[in-house]
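For reference, the structure is listed below as structure tokens.
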Amino acid sequence: MAATTQEPLIVARGVSHFYGRGALRKQILHAIDLSIEPGEIVIMTGPSGSGKTTLLTLIGALRSAQEGSLRVLGHELRDAGEERLIAVRRQIGYIFQSHNLMRSLNAQENVELGLEIQPLSPAERRERARAALEAVGLGDRRHHFPDEMSGGQKQRVAIARALAPRPRLILADEPTASLDKQSGRDVVDLMNDLARRQRCAVLLVTHDNRILDIADRIVHLEDGFLQSFAAAVSTEAQRMLDALIHTTRENDIAERVQGLADEAFATFLAQVTQEFEQLLRVMELSGSDAFESMLEQVLEAFTLRIGRMLRADRATLFVVDREHGFLWSKVADKAGLIKLSLGQGIAGRVAQTGEPMNIADAYLEPLFNRRIDDETGYRTRTMLCMPVKNATGEVFAVMQLLNKADGALFDDADATHFAHVAERMGVILQAWARMARRTVMDPPEEAA
Ligand code: ADP
Ligand code: MG
């Protein structure tokens, strides 16, 4: 067994790269600093042409580094000769965009090919390849040729081939690019699972935002400059919000949303949700405070607007935290931060049962807690309390509306109307609920 070292598997310091000569010489990578620890799964994102593949070929010892220092598996690759490059290359597993399987060899033979340089007997090699194909769910397809397999299956063979030699490092360049959504997800889940089991580090290049969640860390390459993902996304989020708000004044999404007619608001919600969907997913990963506060602002505006839409005097949105057994609200109209116990009070009951409650006179409802009214002098009369459910039917938020205009009662039409809107903002709500739960480690004392 190789001696274990404390050194990261990859240490790039000031790595720059140029293509072309003379007047055509063009800088592709700018002083890249990056290190990857054993067992770490790192995703590199970035637009097409930003230099991702170039960086991957340098790290993968497919060419020698020209500038800076690049140590991979303990070898310096700056100005490295072919011999050293080959020695490093042999210790790395590669997975490319297209599977790169030999068409004339079946799955078993393709995986065995990856084991050729291992000190194994033919029988051991056969067994290792069989087990690797078994592990990627292709035990029964070992004798199929690439042309007889789907894209996802071929990519699974490529994963088996890369992992069978038990490398300490896998480099994957857009492995889901030629696959449909579901096969892409399956392939990446599989790779993630196997890599973690073998404690193999992975550097995966992708611009498929749907698979970012497997990463321990995400880095972003733009025009040859590497930056932290959080920084990249914060910039992007700011840009999107600016575009969204269409106003020169900052922090004024509320005003814009309040001014929209109901139908326009519904359309706006659908648009925002669609535009935000991917962004939200990646923002959650980066856990940016700035984005969370922006999101909160958006939700606050939406909560107010929904309240108005249903002609309620007050609207409060609660997040359900099952783990700690309470609901709390940061996005509250006037009342400030409220925390409720799950199952207690009206919102608490709605969170627990998943059934809406429409109350004609709050003071006649035994579940109603008058403490806030007593403290603030507000008089709650009618109340509509609606669950907001995720795709699996679990209540993750509760919207509470108080005092419909002109003393009218809330009715089924209001409930339906709300459910419709809630569905449209579901993605935003869920992302916010998850983020919010994570940041409130020490919620305030019960206030209602
Ligand atoms: P990405 O993988 O992020 O799409 P690449 O690393 O493939 O980016 O390419 C980065 C830039 O380098 C692009 O402008 C591309 O045209 C250029 N490039 C890539 N390979 C070569 C090459 N062999 N010779 C010259 N230019 C290249
Ligand atoms: Mg590329």
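The values are calculated or read from the model by the stated rules, or taken from the named source; none is laboratory data. It should be emphasised that the depicted structure is a prediction, and the values quoted were computed from it without experimental measurement. Note that we place each Cβ from the backbone using ideal geometry, even for glycine, and neighbour counts take in every protein chain shown. Areas reflect the complete protein model, heavy atoms only, side chains present, ligands, DNA and RNA absent. Shrake-Rupley method; radii C 1.70, N 1.55, O 1.52, S 1.80 Å.
For ARG371 and SER98, FRET efficiency with R0 = 56 Å and r from the beta-carbon atoms, rounded to 0.05?
0.30
Filter the cross-link list LYS154/LYS389; LYS181/LYS389; LYS339/LYS389 down to pairs whose alpha-carbon distance in this structure exceeds 28 Å.
Long pairs (Cα-Cα over 28 Å): LYS154/LYS389.
How much length is gained if the chain between ARG311 and LEU62 is pulled fully straight, taking 0.36 nm per residue apart and subtracting their Cα-Cα distance, in nm to one decimal?
Between ARG311 and LEU62, full extension yields 83.1 nm more.
Given a 1.4 Å probe and the protein chains all in place, what does the accessible area of HIS420 round to, in Å² to the nearest 10?
90
Within the set of other residues whose C-beta is less than 12 Å from the C-beta of ASP406, count the net charge using Lys and Arg as +1 and Asp and Glu as -1.
Around ASP406, the surrounding residues sum to +2.
Over the range 10-228, average the accessible area per residue using a 1.4 Å probe and give it in Å², no decimals.
46
Note the full-extension length gain between ASP213 and ALA177 as 0.36 nm times their separation in residues minus their Cα-Cα distance, in nm to one decimal.
11.3 nm
For HIS144, enumerate residues with amide H under 5 Å from its amide H, sequence gap 5+ or separate chain, H modeled in the peptide plane.
Excluding prolines and chain starts, which carry no amide H, the hits are ALA107, GLN108.
Can you run phi through the Karplus equation (6.51, -1.76, 1.60; θ = phi - 60°) for the range 180-196 and list ³J(HN,Hα) in whole Hz, with x for Gly and Pro?
Along the range 180-196, the couplings run 6, 3, 5, 5, x, 4, 4, 4, 5, 4, 5, 4, 4, 4, 5, 4, 5 Hz.
Could you give me the ³J(HN,Hα) list for the range 128-135, computed from phi with Karplus coefficients 6.51, -1.76, 1.60 and θ = phi - 60°, whole Hz, x at Gly and Pro?
4, 5, 4, 4, 5, 5, 4, 5
Per-residue accessible area for PHE225 at 1.4 Å probe radius, Å² rounded to 10?
110
Please compute the modelled spin-label separation between ARG13 and ALA360, points set 7 Å along Cα→Cβ, answer in nm with one decimal.
In this crude spin-label approximation the distance works out to 7.8 nm.
Would you calculate the separation in nanometres between label points at GLU116 and ALA419, each defined as 7 Å from the Cα along the Cα-to-beta-carbon direction?
Rounded to a tenth, the inter-label distance reads 6.3 nm.
Show the residues, 5+ positions off or on another chain, whose built amide H is closer than 5 Å to the amide H of VAL205.
Hits under the 5 Å cutoff: MET44, ALA172, ASP173, GLU174.
Does the range 1-86 classify as rounded, prolate or oblate by the C-alpha gyration tensor (a ≥ b ≥ c root eigenvalues; a/c under 1.5 gives rounded; else a/b over b/c gives prolate, otherwise oblate)?
Taking the square roots of the gyration eigenvalues as a ≥ b ≥ c, the range 1-86 is oblate.
Go ahead and run the numbers for FRET between LEU409 and SER48, Cβ-Cβ distance against an R0 of 60 Å, rounding to 0.05.
0.60
In nanometres, what is the gap between the two model label sites at PHE225 and ASP33, each 7 Å from Cα along Cα-to-Cβ?
1.4
With Cβ to Cβ distances under 10 Å as the rule, what net charge do the other residues near ARG78 carry (K, R +1; D, E -1)?
Neighbour charge sum, excluding ARG78 itself: -1.
Calculate one ³J(HN,Hα) per residue across the range 381-387 by plugging θ = phi - 60° into the Karplus curve 6.51 cos²θ - 1.76 cosθ + 1.60, and present them in order as whole Hz with x for glycine and proline.
Once rounded to whole Hz, the list reads 10, 8, 8, 10, 10, 10, x.
Largest first, what is the accessible-area ranking of PHE145, PHE418 with a 1.4 Å probe?
PHE145, PHE418
Non-local amide H neighbours of GLY93 (under 5 Å, H modeled in plane, Pro and chain starts lacking H): which ones?
The answer is LEU169, ILE170, LEU171.
Based on the mean of other beta carbon atoms within 10 Å per residue, what is the order of 147-160, 57-70, most packed first?
The most tightly packed comes first, giving 147-160, 57-70.
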